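Colleague: The structure under discussion is supplied below as structure tokens; questions concerning it will follow.
The values are calculated or read from the model by the stated rules, or taken from the named source; none is laboratory data. Please read all numbers here as calculations on a predicted model, not as lab measurements. Every residue, glycine as well, gets a Cβ built from its backbone with ideal geometry; the counts of neighbours run over all protein chains shown.
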Amino acid sequence: MPQKTKLLDLWFSENLSDGEIYKYLITKTRVQKETKKHTLYLTEFENRGVGYILDNKLKFTASDEFMFYEPLIHVPFIQSQQVKNVLIIGFGCGASIRECLKWKDIEKITVLEEDKEFYLTNAEYLADIHQNTYMNKKVDIIFLNLEEYLKKFKNKYDLIILDINCSFLNIEDNSLLDKDFFSNCYSLLKKDGNLSFYISELHIDKDEVLRKKIKILKSIFKEVILYTSWIPSICKNLTFILLSKNSKGKKYTIEEISKFIKTKNIGKLYFINEHSFIGLMNPPIYLQKYDLAS
């Protein structure tokens, strides 16, 4: 966590890899909170504004969180073009709700969050991020985990968004993102439903853990699409995964995407338009080289 390096200076340091450290000068700590599952810091950085530190890792800053949330949310909306009911697993900072509500056709957003104290803390202190959209009448917050929810409800969704702090590529962290979890998500999707989530930065060389997990996903879902977005504040190229339940993703023209966004999106976008969407759907060679069919 933050560590002093000289008198009156407080720095947040994070190891990006062996031999790499990223540091930010903290000018103010707004919130320091420990909940049942998480440790949360909300700080103000000298050059990046508000910083959101979760479980000792910088998730984003207010200056560039749109580079994370717009690809996570709007890519599946544009790819599907028929999203009305969304399940968000994990409240996060509330930005997933904010972005979903930018679409005209959205009818209902259900949010599952196990840690009520975490939700209350973020709801109170992250208004600059979520803009109080969690209070919208279309949003329903439920304090259950996925297994508990499945026992009580039989709803079906057009889209599931995972906004949870759990490592997909950590082979020792199989408590959540395992085959059973994704099978349960599959059961909650409608016929042409999609699931979107993010994983950590991938190395240029093939990651064998990812290949094995992609194989598991392919045994459940019809299609697996990888795309990536550079997040300056964390100095990483985060990878996102879009899973499709039944049909292969349609290839849209720039004109079709532009028309859909202009007629269906009612909020301001800072990252996604027809050109950036096409770019995201055509990722770098090192992602293309993953054998998603194996």
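Colleague: For Tyr52, only one of the following conditions fails: (1) within 16 Å of the chain's Cα centre (by Cα); (2) of a type in the set (Phe, Trp, Tyr); (3) not assigned by TED's automatic domain parsing to the domain that holds Tyr41. What is its number?
Modeller: Only one criterion is unmet by Tyr52, namely (3).
Colleague: Right, here's the next one. Going by the structure shown, is Thr43 surrounded by fewer than 22 Cβ atoms within 10 Å (Cβ to Cβ) and β-branched (Val, Ile, Thr)?
Modeller: So Thr43 fails the test.
Colleague: Here are Tyr227, Tyr198, Tyr286: which of them is aromatic (Phe, Trp, Tyr), in contact (Cβ under 8 Å) with a residue 24 or more places away in the chain and farther than 19 Å from Ile161 by Cβ?
Modeller: Tyr286
Colleague: When residues of region 201-218 are filtered for being surrounded by fewer than 20 Cβ atoms within 10 Å (Cβ to Cβ), under 12 Å from Tyr290 (Cα atoms), of a type in the set (Lys, Arg) and touching a residue at least 12 places away in the same chain (Cβ under 8 Å), how many remain?
Modeller: 3
Colleague: Taking only region 132-155 into account, find how many residues are part of a loop (DSSP other than H, G, I, E, B) and at pLDDT below 95.
Modeller: 5
Colleague: Condition first: farther than 25 Å from Asn273 by Cα, out of contact with any Cys (no Cβ under 9 Å at 6 or more places or on another chain) and of a type outside the set (D, E, K, R). Now tell me which residues in region 90-131 satisfy that. Step through it out loud before you land on a result.
Modeller: Going residue by residue through region 90-131, those that are farther than 25 Å from Asn273 by Cα are 90-91, 110-127.
Next, from what is left, pick out any that are out of contact with any Cys (no Cβ under 9 Å at 6 or more places or on another chain): 91, 110-121, 123-125, 127.
Residues satisfying the conditions are Phe91, Thr110, Val111, Leu112, Phe118, Tyr119, Leu120, Thr121, Ala123, Tyr125, Ala127.
Colleague: Can you find even one residue in region 103-110 that is of a type outside the set (Ser, Thr, Tyr), under 30 Å from Cys235 (Cα atoms), in contact (Cβ under 8 Å) with a residue 40 or more places away in the chain and part of a helix (DSSP H, G or I)?
Modeller: The answer is no; no qualifying residue exists.
Colleague: Scanning for something closer than 27 Å to Thr29 by Cβ and in a helix (DSSP H, G or I), does region 81-95 turn up at least one residue?
Modeller: Keep residues of region 81-95 that are closer than 27 Å to Thr29 by Cβ, which gives 90-95.
After this cut, where a residue has to be in a helix (DSSP H, G or I) as well, the list is 95.
There is at least one residue in region 81-95 that is closer than 27 Å to Thr29 by Cβ and in a helix (DSSP H, G or I).
Colleague: Test each condition in (1) within 25 Å of Ser80 (Cβ to Cβ); (2) modelled with pLDDT under 95; (3) surrounded by fewer than 17 Cβ atoms within 10 Å (Cβ to Cβ); (4) not aliphatic (A, V, I, L, M) for Glu124 and report the one that comes out false.
Modeller: (1)
Colleague: Continuing with this model, one more query. Name the single residue, out of those in region 80-97 being over 18 Å from Ala123 (Cβ atoms) and modelled with pLDDT of 95 or more, that is surrounded by the fewest Cβ atoms within 10 Å (Cβ to Cβ).
Modeller: Per the stated criteria, the residue is Lys84.
Colleague: Then there is this: Filter region 133-161 down to the residues that are more than 13 Å from Phe91 (Cβ to Cβ), free of Cβ contacts under 8 Å to residues at least 40 places away in the same chain and not hydroxyl-bearing (Ser, Thr, Tyr) and list them by number.
Modeller: Passing the criteria: Asn136, Lys137, Lys138, Glu147, Glu148, Leu150, Lys151, Lys152, Phe153, Lys154.
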